[in-house]
Amino acid sequence: MTSTRHKSLAILFLAVLLTGTWSLRAGAQEVTLRAVSAFAERTRFSANFERFIEKVNAEGKGEVQIRYIGGGGKVMNPFEVGNAVRNGVVDMANVTGAFYTNLMPEADALKLSERSIQELRKNGGFEFIHRLHEQKLNSYFLARQFDGVPFHLYLTRKIERPDLKGLKLRVTPVYQAFFSALGATPIRTDPGEVYTALERGVVDGYGWPIQGVFDLGWQEVTQYRVDPGFYSAEVNVLVNLNRWNRLSAAQKGFLNRMGEWLESLNQENPRINAEEAARQQRGGIETITFSPEDTLVYLKTARDAAWARVLEVSPDNGPKLKEILSK
Ligand code: 173
């Protein structure tokens, strides 16, 4: 009897000891975050995020690791990625605001920023965008990538003037208000459907940044690029807020430093933009430029149509965003 009692006490003691030790270790334990990209793996708009993951995994041993589940339509529909990080189906996402306007209509304004993310972080403007992501996307906004990468209109037929009547164009929310204002019929698709839509003549062109046209072979089905570009691409790294809040101060600090490093890669963009434009030219994509007056109309329509849309869908936060992001 006594020996049984002793035995169970000893087991209890051992259990407490083990649990205690285990939970002490758990406090400092490495966490693994599950991450997805809304863009296809190893394509331009996943590439910097993939470099970020490599760096985190190399420098974050014992602290934070990231398990990359993958990107593009392979893992989930790109337009579902915002919802997945909001629900905690994934812990981290690489995604453009254009893919989560259903949850956060204000995200459509992010492309309109005339200030770099470094500038916005310094002047406090970023705080507002940060809070919107907490409220509407249940996410911590870790980093903004691709400042200074303009979008362009790519076409299979030549146009002489900024008049898109009769053209069916592939869009996301980035281009929708602008191309519609110039008379086009917009057709929304994710990037994975662009090639087929062009090949089959379902669309006469598409919106896309200056970078990444070659990733999915679109040079084969693209004849023209309209210059100049407009807006600025934005692809954001978001972390599910509940997951973020459970990280230790050290883990948060580490990820924030890595996020800043990721944002510093934005300075590579002028060089990459020039390389990609040259590569498009070699690939046979001709540029279309309008008269100086028409160019002004083109750019003014881009800006005005997009801000009008933002103010329409977000009458409460739109004016503040315009104040923060415009120069
Ligand atoms: O799919 C898109 O054209 C789009 O909206 C986008 C946004 C940021 C980077 C690349 C593409």
Subject >> Net charge of Cβ neighbours under 12 Å - reference Pro209; Lys, Arg +1; Asp, Glu -1 >> reply: -1
Original post:
How far apart, in nm, are the 7 Å Cα→Cβ label points at Glu268 and Arg303?
Top reply: 3.0
Original post:
What does the highest-first list of 279-290, 31-42 look like by mean Cβ count within 10 Å?
Top reply: 31-42, 279-290
**OP:** Whole Å is fine, so just give me how far the alpha carbon centre of segment 36-56 lies from that of segment 282-327.
**Re:** 28
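Relative contact order of segment 59-120, please, whole-number percent, based on alpha carbon pairs below 8 angstrom and at least 6 residues apart.
Values: 31 pairs, mean separation 13.2, N = 62.
Across segment 59-120, relative contact order equals 21 percent.
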**OP:** Whole number in Å², please: accessible area per residue of segment 38-144, 1.4 Å probe, ligands, DNA and RNA not counted.
**Re:** 38
**OP:** Would you please give the residues with an amide H less than 5 Å from that of Leu33, counting only those at least 5 places away or on a separate chain, with H modeled from the backbone geometry?
**Re:** Gln65, Ile66, Arg67
Original post:
Arranged from highest to lowest average of other beta-carbon atoms within 10 Å per residue, in what order do the peptides 241-251, 78-88 appear?
Top reply: 78-88, 241-251
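By how many nm would the segment from Asn102 to Ser180 lengthen if fully extended, with 0.36 nm per residue of separation less the alpha-carbon distance? Intermediate results must be reported in sequence, preceding the final value.
Working: separation 78, 0.36 × 78 = 28.08 nm, distance 1.91 nm.
Roughly 26.2 nm would be gained on extension.
Let's test the formula: R0 of 51 Å, r as the Cβ-Cβ distance of Gln223 and Glu323. What FRET efficiency results, to the nearest 0.05?
Details: r = 40 Å, r/R0 = 0.79.
Using R0 = 51 Å, I get an efficiency of 0.80.
From the C-alpha coordinates alone, can you work out the Kirkwood hydrodynamic radius of segment 79-177, in Å?
Details: mean 1/r = 0.0650 Å⁻¹.
It is 15.4 Å.
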Original post:
Please state the Cα pair-distance histogram of segment 243-327 with 5 angstrom bins from zero: what percent is in each bin?
Top reply: 3, 10, 9, 9, 12, 17, 17, 11, 6, 4, 2, 0
Subject >> Ala143 long-range amide H proximity, modeled H, under 5 Å >> reply: Val237
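Across every pair of different alpha-carbon atoms, what Kirkwood hydrodynamic radius in Å does the chain reach? Could you put the intermediate results ahead of the total?
Working: mean 1/r = 0.0467 Å⁻¹.
Mean inverse Cα-Cα distance, inverted, gives 21.4 Å.
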**OP:** In nm, give the distance between the simple-model label positions of Ile187 and His130, each being 7 Å from the Cα along the Cα-to-Cβ direction.
**Re:** 4.3
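Which of the DSSP-defined H helices in the chain satisfy a minimum axial length of 20 Å, computed from C-alpha atoms, and a minimum mean Kyte-Doolittle hydropathy of -1.0?
2-27, 44-59, 249-264, 292-313
Using mean Cβ contacts within 10 Å as the protection proxy, how do 224-230, 195-201, 117-123 order, highest first?
Numbers: 224-230: 18.6, 195-201: 14.4, 117-123: 16.0.
So the order, starting with the most tightly packed, is 224-230, 117-123, 195-201.
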**OP:** Quick one: plug the Kirkwood hydrodynamic radius of segment 102-142 (C-alpha pairs) into Stokes-Einstein at 10 °C, 1.306 mPa s, and report D in µm²/s.
**Re:** 149
Subject >> Gained length - Asp163 relative to Glu54, 0.36 nm times residue gap less alpha-carbon distance >> reply: 34.7 nm
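The values are calculated or read from the model by the stated rules, or taken from the named source; none is laboratory data. Nothing here was measured: the structure is a model prediction, and the numbers come from that model. In this analysis, Cβ positions are derived from the backbone assuming ideal geometry, glycine residues included, and neighbour counts consider all displayed protein chains. Surface areas here come from the heavy atoms of the whole protein model, side chains and all, with no ligands, DNA or RNA. Shrake-Rupley method; radii C 1.70, N 1.55, O 1.52, S 1.80 Å.
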